[in-house]
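Encoded as structure tokens, the structure appears first; notes follow it.
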Amino acid sequence: MSRALARRVLPSGHVVVVRMSEIADGDLAVNDPDGLLEERRCSLEGAEGGESSWTWLNQTHGVSVVTVEEPGGAAGSEADAAITRYPGCVLSVQVADCAPVALIADNGGLAVAHAGWRGVLGGILEEASEALRSLVGGPQRAVVGPCIHPCCYEFGSEDLRRVVGVLSREVEAVTRDGHPALDLPAAVVASLEKVGVNDFEIDGACTSCDDRYWSHRATGSGSRQAMVAVLTEGSGPYVA
């Protein structure tokens with residue numbers, strides 16, 4: 001079932017909760033052929049104690065960031081990150097192997113981003129961090145959810161050279177079988193360090209290895225799990 005990746009009381013007095021769904025919570029892909037998506041969202045929110053509309057995105061592996069000013073605001077936008085400073089706004093991204101990333105600003109702001117290798121290479125994380133900094137300022141910390149890890153992420157040598165050239169050699173790895181691999185969590189860290197983020201909490205689950213999660217790389221599945229994050233005023237059911 002869904003689990004809390006982070007629960008933080010901020011210097012601003014706000015509280016941020018970041019949760020990650022699992023296969024047991026059902027398919028949370030935006031494309032919803034069985035018509036159960038809203039029911040599954042409500043069930044996941046129930047685990048947090050909240051009842052509000054989600055902001056979900058039509059993700060494109062691009063670098064667009066939307067600002068959310070009310071619950072459900074900007075839902076359906078073609079973007080790969082969302083930011084807010086308004087309590088009660090539930091932000092989400094859907095993934096199968098890409099990295100779901102939450103950015104938490106000490107001054108009372110929140111972002112979520114969908115970070116596949118193309119998005120990271122294009123700068124989605126820098127764009128999200130800079131947009132959040134423009135919105136609220138102050139230090140940021142990052143929470144990186146379950147994603148594919150280098151043990152399973154065999155990667156073409158030409159594309160790997162491109163990523164290494166933009167980020168660093170720290171993103172270069174090998175699979176458990178000894179083939180060239182991309183270390184996606186390391187790529188997330190390298191990208192955010194470029195814009196001054198240096199506080200990271202990285203979940204150790206590999207979506208290709210861990211049977212709690214769907215993996216497009218491992219099975220070709222079109223199903224998705226979701227990272228869901230919310231900023232609250234610091235009182236009420238979200239507080240630990």
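Things to note:
- Some residue of the stretch 210-223 being modelled with pLDDT of 95 or more, out of contact with any Asp or Glu (no Cβ under 9 Å at 6 or more places or on another chain) and not charged (D, E, K, R): no
- Subset of the stretch 76-121 [surrounded by fewer than 19 Cβ atoms within 10 Å (Cβ to Cβ) and in a loop (DSSP other than H, G, I, E, B)]: Gly76, Tyr86, Pro87, Gly88, Asp106, Asn107
- Enumeration of residues in the stretch 90-128 that are under 21 Å from Val166 (Cβ atoms), out of contact with any strand residue (DSSP E or B) (no Cβ under 6 Å at 6 or more places or on another chain) and small (Gly, Ala, Ser): Gly116, Gly119, Gly122, Gly123
- Qualifying residue in the stretch 144-160 (condition: in contact with an Asp or Glu (Cβ under 7 Å, 6 or more places away or on another chain), farther than 29 Å from Val17 by Cα and not small (Gly, Ala, Ser)): yes
- Only listed residue being touching a residue at least 12 places away in the same chain (Cβ under 8 Å), surrounded by 15 or more Cβ atoms within 10 Å (Cβ to Cβ) and over 17 Å from Pro100 (Cα atoms), chosen from Leu184, Leu192, Leu167: Leu167
The values are calculated or read from the model by the stated rules, or taken from the named source; none is laboratory data. Nothing here was measured: the structure is a model prediction, and the numbers come from that model. Positions of Cβ are backbone-derived with ideal geometry, glycine not excepted, and every protein chain shown enters the neighbour counts.
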